[in-house]
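In what follows, a single structure is set out as structure tokens and then discussed.
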Amino acid sequence: MEPEKGKTAKFLKEQQAVSPAAIENLKQFTRIKKSIVDALKEEELTISQLSEKLAMPKTDVLYYLMSLLKYGIVEKGEIDDMDEYFTYKIKKVNE
Amino acid sequence: MSEKNTSLAFDALVVGGGIAGGEAALNLATNGFKVLVVEKDLSVGGKMIHLSKVFPTLDCSACITTPKVSEISRHPLITIFTETEVKGIVKNGENDFDAKVVRKPRYVIAEDCTGCQLCEEACPVNVPDQYQYGLVGRKAAYIPFSIASPRVAAIDIENCTLCGACERACPTKCIDFTQKPVEYSVKVRTVVVATGFNLFDPVNIPRYGFGEYKNVITSMQMERQLAPTRPFHTILRPGDGKMPDKIAYVLCTGSRDASVGNPICSQICCMYSIKQAQLLMGALPMADITIYYINIRSFGKGFEEFYEQAKGMGVNFVKGKIGKITENAKGNLILRYEDINENILKEAEHDMVVLSVGVLPNTESEKLFVDKSLQLDEYNFVKQPEQLVSPAKTSIKGVFVAGTASGPMDIPDSILSAGSASSEAISYLNNK
């Protein structure tokens, strides 16, 4: 039977299993995204500060933070006096 | 939507939709020949479409590539198959080739996709973006990059969790998870091989620390950082997000190095590094840029002046061979090198290192033909048996080579090579 247009993901899911690695990756991203967003809701932070707060390597923080910046969830704040590190904050959405 | 076999006929098959393949296709089509361009990636435009600017003119690369790609895409005599691979070509006789090509599913009905990116917004998955060389993430439902051609969404089925969010968000209902690979039988009269090149993977030189030290990056990663569609909001160290102010370039990474199996010069690394150095001085005016080189090969039109311009801007050139790179506690890199002019070992500290990776052959071209042997040269590029008189001719009559499939070369030379290949192909088609 032809699957209904717009509901083909369900059809494929019935035919083949989703890879466990894909599910694990989604869980990890969802968890990290929430932890970064929660931390930035409190205050603007640099990558080093986020790394310390989340106990996550700086390079991983940068990767996820830049992904959230690309998706429009966070935005850059100010740069420090030494012109080295930016702070990041939750992006304000104009209602 | 079951698997189907489709028979097609064209005058020419162009394998590879980069700048050389595109140019060859356009020349053939402009002369009235029907062309099929087969591209394995999701977009045509090859590596050039991902560059920031081109040397030595510093013209915007996208501004040159996009109109060209658009012209190719809109030409009535050119058919483009993206996400498609050639499974085998058989030569039956002169002006008579049979090709099997397999088009992989995109899981999107291309004709119905408006490129609105609502599927991308809805997708909850995040995986490394291959078009940003892993510096940032992308979704599993995604437009490959902003100037992709076609600008149509695709589903990364390996990383998709089949949650259906993209389908629910799509206003035109163009997501289709029932798509399957389609095999086409294509009859053509000539073939142009424009399979391009691969970049050297610096993991193969462990002493440079690529992969281990996050602030050691490749020149393509820097190229992306310099492009308007960059992965970060500015130039940043991937290790900790610091704006770098002391950047080193290591030339000949994987070129002119028999120990890694590539003894030849890649011909483009000196100039693209000098280009990036100039762009970095514009983006980070306070930064110190040092280029470690063995020899600067500025042999093309305007290249020597471009090199002198970089020196005039304050780029520091050190004739030195890098022995080892190590990282200190601050994430800075210590370069231990032989100063060739002074004949002594030295060390220098930089906060970011760019490895100017070389050009390697794409050996896939050898596997294109089933019954005939497409011969390669001693460096595994497509052999040009008549390099001086007919550089586009290959070991198979009626098969021509365009661009970097035949050896390292820059963009203008790739386009010239494509012109030569298309002229030879037209001559062959007219002499049936």
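The values are calculated or read from the model by the stated rules, or taken from the named source; none is laboratory data. Nothing here was measured: the structure is a model prediction, and the numbers come from that model. Cβ coordinates were reconstructed from backbone atoms using ideal geometry, including for glycine residues, and neighbour counts include every protein chain displayed. For the accessible areas, the whole protein counts, side chains as well, though only heavy atoms, and no ligand, DNA or RNA atoms are used. Shrake-Rupley method; radii C 1.70, N 1.55, O 1.52, S 1.80 Å.
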Quick check on residue B:17: is it within 23 Å of residue B:100 (Cβ to Cβ), within 18 Å of the chain's Cα centre (by Cα) and touching a residue at least 12 places away in the same chain (Cβ under 8 Å)?
yes
Could you go through segment B:340-360 and let me know if any residue there is over 30 Å from residue B:246 (Cα atoms) and within 18 Å of the chain's Cα centre (by Cα).
no
The residue that is most open to solvent (accessible area, probe 1.4 Å), considering only those in segment A:37-65 that are touching a Phe, Trp or Tyr at 6+ places or on another chain (Cβ under 9 Å) and of a type in the set (A, V, I, L, M), is A:56
Where residues in segment A:68-84 are touching a Phe, Trp or Tyr at 6+ places or on another chain (Cβ under 7 Å) and hydrophobic (A, V, I, L, M, F, W, C), which of them is farthest from the other protein chains (Cβ to nearest Cβ)?
A:74
Conditions (1) modelled with pLDDT under 95; (2) surrounded by fewer than 22 Cβ atoms within 10 Å (Cβ to Cβ); (3) farther than 16 Å from residue B:422 by Cβ; number of the one not met by residue B:118:
(1)
Which members of segment A:66-90 meet the condition of being among the charged types (D, E, K, R) and closer than 17 Å to residue A:35 by Cβ?
A:89
Keeping to segment B:40-69, report how many residues are assigned to a loop (DSSP other than H, G, I, E, B), open to solvent by 20 Å² or more (accessible area, probe 1.4 Å) and of a type outside the set (S, T, N, Q).
9
So which of A:65, A:54 is in contact (Cβ under 8 Å) with a residue 12 or more places away in the chain, more than 7 Å from chain B (Cβ to nearest Cβ), closer than 23 Å to residue B:330 by Cα and out of contact with any Leu (no Cβ under 9 Å at 6 or more places or on another chain)?
A:54
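Rundown of residues vs (1) open to solvent by 20 Å² or more (accessible area, probe 1.4 Å); (2) within 23 Å of the chain's Cα centre (by Cα), yes/no style:
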{"residue": "B:227", "(1), (2)": "no, yes"}
{"residue": "B:235", "(1), (2)": "no, yes"}
{"residue": "B:240", "(1), (2)": "no, no"}
{"residue": "B:244", "(1), (2)": "no, no"}
{"residue": "B:256", "(1), (2)": "yes, yes"}
{"residue": "B:262", "(1), (2)": "no, yes"}
{"residue": "B:268", "(1), (2)": "yes, yes"}
{"residue": "B:276", "(1), (2)": "no, yes"}
{"residue": "B:282", "(1), (2)": "yes, no"}
